[in-house]
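*Asks:* One structure follows; several queries about it will come next.
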């Protein structure tokens with residue numbers, strides 16, 4: 001579709017871009033103590049973008065802007081998800097970030113980048129969309145610029161990010177050189193049509209996986225994760241482990257389906273280039289979750305622990321990538337939503353409790369179950385849900401992930417996954433133990449503002465509700481990916 | 001494309017001229033080694049402290065802003081080349097591009113990042129005394 | 001040897017030597033200035049390959065902008081002479097082996113693969129082609145870049161700004 005006609009299918013992104021410009025100008029007109037208004041405007045803007053994106057759900061598959069991006073229900077599913085994650089993170093940030101409107105402007109730019117990431121269909125757009133999310137994330141990670149840890153987080157993020165983008169762009173240059181196209185569909189045709197040599201395609205594939213793997217914090221491209229997650233402002237840590245990661249996984253899935261999958265079936269990898277994608281992905285999944293879980297065991301800082309746990313969860317989701325069928329992708333898409341709520345929940349507890357506890361160490365949570373029971377119980381629910389214990393949402397998500405791989409006879413992978421779940425129980429349960437079983441002699445009750453409690457409930461309810469009634473969401477995920485496969 | 005041979009020629013010529021001048025002065029100059037000659041030249045006075053000083057942070061901010069608009073200018077070149085064949089469409093497309101970046105300019109301008117010197121009235125009391 | 005080949009080897013030697021200085025120099029400022037030669041060398045390669053616009057872009061953005069920023073960055077560093085003199089090497093042998101292996105694999109791919117996208121044999125100006133592309137087929141990336149630049153500007157200036165200037 002040509003550029004002018006594409007605009008009508010591009011409303012959420014257009015609206016977001018316009019909002020960014022308007023909010024920058026509004027910020028210049030506001031007085032210093034009124035900057036929080038930009039946060040309200042940002043929430044409003046993302047909400048509108050959320051509904052505009054949601055309305056696109058029933059559109060048929062459309063190729064937009066001369067094939068630069070495509071609109072399908074898969075993209076819409078992830079657009080809605082990432083918009084939701086931005087809304088949540090703005091609500092989480094509002095109490096702490098009142099002085100700087102740049103924070104909210106940058107979050108909107110990231111959201112636009114994530115929208116583009118989930119619908120790209122061209123190598124050039126992949127790089128631009130990923131850089132849009134990446135570059136702004138570097139700034140956000142270092143947003144507390146007088147905090148040395150925040151600076152360190154930002155710097156490490158930049159260095160790793162630049163290197164991984166470079167590697168990925170190099171891989172793209174191979175793909176372009178081999179096929180002569182930047183459009184993903186055309187590349188697929190070229191790979192199937194020509195008899196390409198396996199080695200260059202394999203190396204290019206590995207390079208692209210490196211770039212995408214960095215974005216989703218996959219081992220061995222995870223070195224930045226612990227330091228960045230510990231040093232970045234807590235809301236940004238939560239956001240990075242949900243929003244950009246979901247967009248990265250969506251891009252990964254799209255790249256696999258459009259480029260690496262065989263066009264006839266779309267559920268098997270291309271055979272004539274022998275890139276051994278399933279085995280490679282399986283090994284990466286195992287390494288990712290094992291390393292994440294084992295490293296999380298000894299952590300004293302709760303943000304660092306959650307950072308390693310985020311790596312482990314990427315590993316779980318990658319398991320379902322290995323089987324490469326509708327069932328697996330549905331499980332990932334469902335899990336991503338569940339993970340968003342429980343992870344944001346855990347980070348919100350950290351964010352709202354840190355001023356009261358005075359520290360981000362796990363030991364500071366001692367006796368929280370008696371100082372503020374609601375928060376502690378909610379935290380316990382998030383921890384159990386992250387472990388994957390019934391009757392919480394995390395359990396359902398894990399069941400779908402494991403069902404997808406067992407159905408395709410990846411038994412070893414499933415067993416390793418279960419062992420990992422057991423390991424993770426140790427460090428998640430440790431937090432619960434500290435909160436409820438250790439107690440001081442005198443209990444100093446904490447008074448939590450109404451805003452904090454309401455937000456806590458809003459994050460808690462989906463985790464509880466999806467644990468008992470998950471049908472509609474799984475159907476939605478299934479339909480979205482089914483659309484992709486053209487059935 | 002042959003234009004680049006001219007560029008190359010200029011490059012070689014430029015380097016030659018510099019080399020020849022330096023060589024000439026080297027041949028012609030009288031040479032007396034003195035200690036003072038190895039001191040960095042500072043307007044004829046004896047330099048104080050090290051030659052290496054920490055630069056003002058302002059340079060960095062300005063350079064950052066410069067790069068952003070440098071990239072913008074870069075896109076103007078190909079646009080200008082095809083402008084007469086594409087006409088109005090090209091004009092509108094480029095205006096959108098520039099308008100978005102103009103918001104950025106407005107931002108740095110209004111926030112005072114372009115101000116080189118912000119006089120701080122630290123010596124206000126002295127100024128007053130002088131006025132009396 | 002033809003003149004163009006002599007030119008090629010000249011550019012290659014200058015680029016690689018200066019890149020070596022960037023990596024191994026004991027003073028940060030020397031690395032920064034050696035980078036100048038490396039970047040200009042790349043621009044020369046672009047010319048050599050017939051990508052005239054890219055060469056100008058390389059000079060304008062990298063030499064004219066980013067290198068200046070790097071040098072400012074070096075000059076703003078506190079007490080530059082007290083910092084450790086040399087880039088640390090955890091294991092010189094291992095990194096050499098890793099680099100050699102990487103070079104071998106990449107070299108094999110570059111020389112053995114049937115590349116479909118080839119360099120134009122006849123050199124012609126590319127600027128108008130690029131202009132047409134960014135205004136038609138690649139319009140979306142072009143416009144998205146402006147939003148990306150805007151975001152980068154706001155973010156970078158926020159980080160570089162001194163807070164007391166705002167008060």
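*Asks:* Residue A:146 fails exactly one of the following numbered conditions: (1) farther than 18 Å from residue C:116 by Cα; (2) in contact with a helix residue (DSSP H, G or I) (Cβ under 7 Å, 6 or more places away or on another chain); (3) surrounded by fewer than 18 Cβ atoms within 10 Å (Cβ to Cβ); (4) at the interface with chain C (Cβ under 10 Å from one of its Cβ atoms). What is the number of that condition?
*Replies:* Here residue A:146 meets the rest and fails (2).
*Asks:* Kindly evaluate residue A:260 against the criterion of being at pLDDT below 90, touching a helix residue (DSSP H, G or I) at 6+ places or on another chain (Cβ under 9 Å), under 20 Å from residue A:72 (Cα atoms) and buried (at least 19 other Cβ atoms within 10 Å of the Cβ).
*Replies:* The answer is yes for residue A:260.
Residue-wise test of (1) touching a residue at least 12 places away in the same chain (Cβ under 8 Å); (2) in a helix (DSSP H, G or I); (3) touching a strand residue (DSSP E or B) at 6+ places or on another chain (Cβ under 8 Å).
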site: A:402; (1), (2), (3): yes, yes, no
site: A:406; (1), (2), (3): no, yes, no
site: A:417; (1), (2), (3): yes, yes, no
site: A:425; (1), (2), (3): yes, yes, no
site: A:432; (1), (2), (3): yes, yes, no
site: A:442; (1), (2), (3): no, no, no
site: A:446; (1), (2), (3): yes, no, no
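*Asks:* Are there any pairs with C-beta distances below 9 angstrom linking a residue in the range C:63-88 that is facing another protein chain (nearest Cβ under 7 Å) and closer than 15 Å to residue C:26 by Cα to a residue that is at pLDDT below 75 and surrounded by 15 or more Cβ atoms within 10 Å (Cβ to Cβ), with the two at least 6 apart or on different chains, and if so which?
*Replies:* none
*Asks:* With (1) within 13 Å of chain B (Cβ to nearest Cβ); (2) within 30 Å of residue B:77 (Cβ to Cβ); (3) at pLDDT below 80 as the list, and residue C:116 as the residue in question, which single condition is left unmet?
*Replies:* Unmet condition: (1).
*Asks:* Could you go through the range B:86-105 and let me know if any residue there is within 7 Å of another protein chain (Cβ to nearest Cβ), within 24 Å of the chain's Cα centre (by Cα), exposed (fewer than 15 other Cβ atoms within 10 Å of the Cβ) and not in a loop (DSSP other than H, G, I, E, B).
*Replies:* Within the range B:86-105, none of the residues are within 7 Å of another protein chain (Cβ to nearest Cβ), within 24 Å of the chain's Cα centre (by Cα), exposed (fewer than 15 other Cβ atoms within 10 Å of the Cβ) and not in a loop (DSSP other than H, G, I, E, B).
*Asks:* Taking interchain pairs and intrachain pairs at least six residues apart, which have beta carbon atoms under 7 angstrom, with the first residue in the range C:147-163 and within 9 Å of chain A (Cβ to nearest Cβ) and the second outside any helix (DSSP H, G or I) and crowded, with 22+ Cβ neighbours inside 10 Å?
*Replies:* C:159/A:142
*Asks:* Something else now. Can you pull out the residues in the range A:63-79 that are more than 14 Å from every other protein chain (Cβ to nearest Cβ) and outside any loop (DSSP other than H, G, I, E, B)?
*Replies:* A:73, A:74, A:75, A:76, A:77, A:78, A:79, listed by residue number.
*Asks:* Would it be correct to say that residue A:178 is touching a helix residue (DSSP H, G or I) at 6+ places or on another chain (Cβ under 8 Å) and buried (at least 21 other Cβ atoms within 10 Å of the Cβ)?
*Replies:* Considered against the rule, which asks whether it is touching a helix residue (DSSP H, G or I) at 6+ places or on another chain (Cβ under 8 Å) and buried (at least 21 other Cβ atoms within 10 Å of the Cβ), residue A:178 comes out as yes.
*Asks:* Tally up the residues in the range A:114-131 that are under 15 Å from the mean Cα position of the chain (by Cα) and within 16 Å of residue A:173 (Cβ to Cβ), please.
*Replies:* 1
*Asks:* Sticking with this structure for a sec: How about the range A:1-18: which of its residues are more than 12 Å from chain B (Cβ to nearest Cβ) and under 24 Å from residue A:83 (Cα atoms)?
*Replies:* A:6, A:8, A:9, A:10, A:11, A:12, A:13, A:15, A:16
*Asks:* Could you please find all residues in the range A:19-36 being without any contact (Cβ under 8 Å) to a residue 40 or more places away in the chain and more than 14 Å from chain B (Cβ to nearest Cβ)?
*Replies:* A:33, A:34
*Asks:* Select from the range A:117-134 the residues that are within 8 Å of another protein chain (Cβ to nearest Cβ) and under 15 Å from residue A:243 (Cβ atoms) and list them in ascending order.
*Replies:* Selection gives A:129, A:132.
*Asks:* Could you go through the range B:58-71 and let me know if any residue there is out of contact with any strand residue (DSSP E or B) (no Cβ under 8 Å at 6 or more places or on another chain), farther than 30 Å from residue C:125 by Cα and surrounded by fewer than 16 Cβ atoms within 10 Å (Cβ to Cβ).
*Replies:* no
*Asks:* What do you reckon, is residue A:379 farther than 30 Å from residue A:475 by Cβ, surrounded by 14 or more Cβ atoms within 10 Å (Cβ to Cβ) and more than 25 Å from the chain's Cα centre (by Cα)?
*Replies:* no
*Asks:* Output the residues belonging to the range C:38-54 that are within 13 Å of another protein chain (Cβ to nearest Cβ) and either within 24 Å of residue C:92 (Cα to Cα) or assigned to a helix (DSSP H, G or I) (or both).
*Replies:* C:40, C:41, C:43, C:44, C:45, C:46, C:47, C:48, C:52, C:53, C:54
*Asks:* Helices (runs of 4 or more DSSP H) wholly in the range A:267-373 with at least 3 residues that are touching a helix residue (DSSP H, G or I) at 6+ places or on another chain (Cβ under 7 Å) - which ones?
*Replies:* Qualifying helices (runs of 4 or more DSSP H): A:277-297, A:302-323, A:326-357.
*Asks:* Something else about it: When residue B:112 is evaluated against the numbered criteria (1) touching a helix residue (DSSP H, G or I) at 6+ places or on another chain (Cβ under 8 Å); (2) part of a helix (DSSP H, G or I); (3) over 23 Å from residue C:139 (Cβ atoms), which criterion, by number, is the only one it fails?
*Replies:* The number of the failed condition is (2).
The values are calculated or read from the model by the stated rules, or taken from the named source; none is laboratory data. Owing to the predicted nature of the structure, the values given are computational and were not obtained by experimental measurement. For neighbour counting, all protein chains shown are included, and Cβ atoms are generated from backbone atoms with ideal geometry for every residue, glycine included.
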